[in-house]
Structures are given as C-alpha cells and as structure tokens.
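The values are calculated or read from the model by the stated rules, or taken from the named source; none is laboratory data. Computed from a prediction, not measured in an experiment: that's the story for all the values here. Every residue, glycine among them, receives a Cβ derived from its backbone with ideal geometry; neighbour counts consider all protein chains shown.
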Amino acid sequence: MPGILHIDMDAFYASVEELDAPELKGKPVIVGGASRRGVVCAASYPARKFGVHSAMPMMRAMKLCPHAIVVPPRMDRYSEISRQVFSVFHRFTPLVEGLSVDEAFLDVEASRSLFGDGRAIAQKIKTAIREELGLVASAGVAPNKFIAKIASDIGKPDGLCVVEESDVVNFLSPLPIERLWGVGPKTAPKMHSLGLHTFADIARSAPHVLEGLIGSWGLEIRSLARGEDFRDVNPGREAKSISAEETYEQDLIGKEAIEGTLLRHASRIAQRMLAENLEARTIGVKLKYGDFSLVSRRTTLPDPVSDTSSLYEAGCSLLDRCDVGRGIRLTGLSASNFLERGEARTLFVNARAKKFEKLEEVVARADARFGTGTIERARLVETARATTPDEQKPRPLSDLGPSSVLRKGR
Ligand SMILES: [Mg+2]
C-alpha cells in the first residue's frame with residue numbers, strides 16, 4: 001500500500017480571503033498587489049476560468065477578468081492558517097515535509113495501525129481541514145514523492161487520487177512530458193520533434209538520446225518517468241538547510257543578472273525562516289554553468305541572520321569567489337546552521353540586522369495595506385527592468401524534481 005501523501009491546499013490565499021469574507025465565495029477573487037507593477041499571488045477557481053493564474057502581471061489578469069475582486073495579500077493571516085493546517089498533518093505522522101505554506105509531503109507508512117491506510121489518512125486529513133478550518137485540500141497518495149505530487153494535482157480541486165504500486169506504470173505512461181520537472185517551453189518542442197510526447201516515451205527511450213538532448217538531467221527525468229524516486233520525506237525539525245533555486249531557459253550572463261536572482265531567492269528563504277522561527281549562520285551560493293559544471297561557496301557569518309537583505313548581501317559577497325564571466329543556467333541560495341530566532345539575540349545585539357528586520361516589517365505592513373509591491377527593493381526593480389522581457393525571465397520549475405524550487409535538506 002502506498003504510504004506517501006502530498007497534500008496541497010486549493011487556491012490557498014484566495015480561499016482564506018473567502019473564509020474571512022464569505023461574500024467573496026463563488027466570485028472571481030484575485031489576491032495580489034493592485035498597483036501597475038502588481039503581480040497575482042493567487043486566484044480563486046472562478047477567476048482561473050478566465051485564464052488568470054499566479055505570477056501573472058495584475059494588468060494582464062484584470063484584462064482577462066475585469067470584474068474580478070482584487071484583494072491585497074495578508075501574509076500574517078496565511079501563515080496563521082498554515083500553522084493550523086500543518087498541525088492537522090502532525091496528528092497523523094511526525095514525518096511532515098513542508099514545501100510551502102500550503103503544501104507538504106507526509107510519510108504515513110508507520111501510522112497505519114493507528115489511522116488506516118494512505119487513502120484513509122488522506123481522507124481524514126481532508127475532512128479535518130474542511131470541518132475545523134473551513135478550507136479545501138487536495139491529496140495524492142502514492143509509493144513516492146514524485147508520483148504523490150502529480151496525483152494531488154490531477155484531482156484538483158477537492159481531489160483524492162490514490163496510485164497503487166501496481167498502477168504506477170498505467171498512471172504515469174499517458175502523462176504529457178510537460179509534467180516532468182525541468183521540461184519547459186524550450187526543451188519540450190525538441191522532445192516532441194523526436195517523437196517523445198508522454199512519460200512512456202521517455203521511459204522507453206534510450207538513455208543516450210535523452211542525455212544528448214539535455215545532458216545528465218535527461219537520465220534523471222528518465223528515472224522519474226519510470227516512477228523511480230527514492231527521496232525520503234524530510235521532516236522540518238531535522239531540516240538542516242533551507243534553499244531556493246531556479247533553472248533558466250536561457251543562460252544568465254553577468255553578475256547583475258545573477259544578483260537579481262539571489263535577491264528573489266533570499267526573499268523566499270527569509271519568508272520560510274520567518275515561518276519556522278529560524279535564524280541562520282551559514283549562507284551558501286550555488287551556480288551551475290551552461291556546461292553543467294557546478295560551483296558552490298559558503299560562508300559562516302559572525303551573527304545569525306534571517307532577513308532578506310542580510311541573506312542577499314551574504315550571497316552577493318560569495319559571488320566574488322565564483323566565476324561569473326560565463327553563462328549560468330541555475331542559481332541557488334541556501335541558509336543553514338540554524339538557531340531558533342532570538343536565541344542568539346541574548347548573546348549579542350546585531351543592530352544592523354535589527355534595522356533590516358524593522359524594514360522587513362514595514363514592507364510587510366505596507367504590502368498588507370496597499371498590496372504587494374507597493375514598496376519594492378530598488379535593486380529588484382532595476383533587475384526586473386534589465387532582465388524580465390520574456391527571454392531572460394527565469395522559469396520557475398515546479399517542485400516535481402529532486403531539486404525543488406524551495407526546499408529543505410538534511
Ligand atoms: Mg496550493
């Protein structure tokens with residue numbers, strides 16, 4: 001019986017807004033900054049019918065769905081609900097690995113005698129979330145993380161999709177290659193031209209063909225397409241690092257472009273550390289070059305940090321120790337060597353970090369009041385101008401693959 005669950009809240013931010021303002025229910029709701037530069041954070045299902053999706057510029061979303069109700073994001077409220085959702089997960093197993101505020105992997109192998117099989121546990125979790133929190137989650141139950149994640153997505157919304165060990169091949173075979181992590185708008189057409197359209201095609205193809213096409217990554221997606229994924233569920237308490245990374249369709253050139261990506265990573269890691277009440281002493285940077293060679297550098301700071309600016313600056317200083325003169329296909333930033341927030345505060349007072357934390361709070365408050373992006377870091381605005389036109393825009397990968405976009409490691 002499959003024992004890995006992937007639980008993902010449906011339209012999480014938008015659903016929380018509906019929960020707090022029931023008059024929004026059933027209407028097209030868009031959560032995001034309403035300013036000219038605003039971006040969609042989340043969209044309710046009625047809004048999605050018009051083609052609105054997250055990460056879309058608000059201007060475009062409003063064109064697609066002019067009668068949508070735009071609500072500024074309230075991150076504090078979402079993390080409050082997120083904690084309640086995760087506490088439901090923890091009733092069924094200590095092995096919970098959060099991927100973001102609203103989704104997690106659960107290993108329930110050892111919970112069976114208490115709560116029933118994977119399907120029964122997924123059902124119980126969905127029911128608890130509905131009855132106690134008034135929200136809807138989708139669940140995938142499978143023998144491993146990769147399949148569980150696809151399964152939860154397939155049932156959405158309010159889904160419960162169970163993939164038995166004996167069904168893995170039938171389940172995966174017909175899926176389009178676009179569902180494979182790292183197969184984007186640039187790689188997919190090449191694959192189609194070689195007659196590779198489904199997971200089955202990838203699973204059957206000769207390793208050297210895929211390797212020739214996309215390098216060593218080809219071998220990895222071939223394993224995934226065959227349903228082979230041996231990654232464990234890493235519970236938060238044992239998390240030794242939090243990292244964010246992205247692979248780009250086109251190689252990044254130059255230090256400025258790279259720094260821009262580090263700022264985005266830093267902001268995601270800072271949010272995650274805030275949610276987990278952590279500060280980090282060690283910061284690492286990872287770069288993968290066009291030829292797939294990899295370089296990583298890390299530094300241990302005198303004082304632990306948790307805010308975006310400090311993480312970002314530490315990352316940038318590490319770039320001085322990397323070759324940034326070549327094309328780069330992936331950038332990553334990581335934080336590790338954690339302390340509970342405030343644990344070190346009693347030992348030494350880092351006035352500068354305090355100042356930035358204050359700034360972070362002010363930005364968060366302004367975001368809550370006026371919409372995300374009201375106050376943007378000047379640096380991010382510049383890089384956005386310099387690099388966003390579609391070609392250079394980073395294509396965030398889904399977390400289907402071994403290197404999820406935002407992940408926790410041991
Ligand atoms: Mg979700």
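Structure summary
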{"read-out": "Selection from the stretch 94-114 of residues that are more than 16 Å from the ligand (Cβ to nearest atom) and in a loop (DSSP other than H, G, I, E, B)", "value": "P94, L95, V108"}
{"read-out": "Test result for A120, of a type in the set (A, V, I, L, M, F, W, C), surrounded by fewer than 18 Cβ atoms within 10 Å (Cβ to Cβ) and free of Cβ contacts under 8 Å to residues at least 12 places away in the same chain", "value": "yes"}
{"read-out": "Residue in the stretch 126-136 that is surrounded by fewer than 17 Cβ atoms within 10 Å (Cβ to Cβ), away from the ligand (no atom under 15 Å from the Cβ), among the acidic types (D, E) and closer than 22 Å to V168 by Cβ present", "value": "no"}
{"read-out": "Residue, surrounded by the fewest Cβ atoms within 10 Å (Cβ to Cβ), within the stretch 1-54, restricted to residues that are within 16 Å of the ligand (Cβ to nearest atom) and of a type in the set (F, W, Y)", "value": "Y45"}
{"read-out": "Candidate set from the stretch 275-295 (those that are touching a residue at least 60 places away in the same chain (Cβ under 8 Å) and among the hydrophobic types (A, V, I, L, M, F, W, C)); member that is nearest to I242 (Cα to Cα)", "value": "L278"}
{"read-out": "The listed residue being under 24 Å from I269 (Cα atoms) and among the aliphatic types (A, V, I, L, M), out of V85, V108, V162, V70", "value": "V85"}
{"read-out": "The stretch 81-93, residues that are crowded, with 16+ Cβ neighbours inside 10 Å, under 24 Å from A14 (Cβ atoms) and away from the ligand (no atom under 16 Å from the Cβ)", "value": "none"}
{"read-out": "Looking only at the stretch 215-274, and only at residues there that are of a type in the set (S, T, Y) and farther than 27 Å from K190 by Cβ, the one that is modelled with the lowest pLDDT", "value": "S241"}
{"read-out": "Residue tally, condition surrounded by fewer than 20 Cβ atoms within 10 Å (Cβ to Cβ), more than 14 Å from the ligand (Cβ to nearest atom) and not hydroxyl-bearing (S, T, Y), over the stretch 155-170", "value": "7"}
{"read-out": "Residues of the stretch 175-214 classified as under 27 Å from the mean Cα position of the chain (by Cα) and either under 30 Å from K124 (Cβ atoms) or polar (S, T, N, Q) (or both), total", "value": "5"}
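Per-residue answers, yes or no, for (1) at pLDDT below 95; (2) closer than 30 Å to R77 by Cβ:
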residue	(1), (2)
S113	yes, no
Q123	no, yes
E132	no, yes
L135	no, yes
P143	no, no
I147	no, no
C161	no, yes
L172	no, no
V183	yes, no
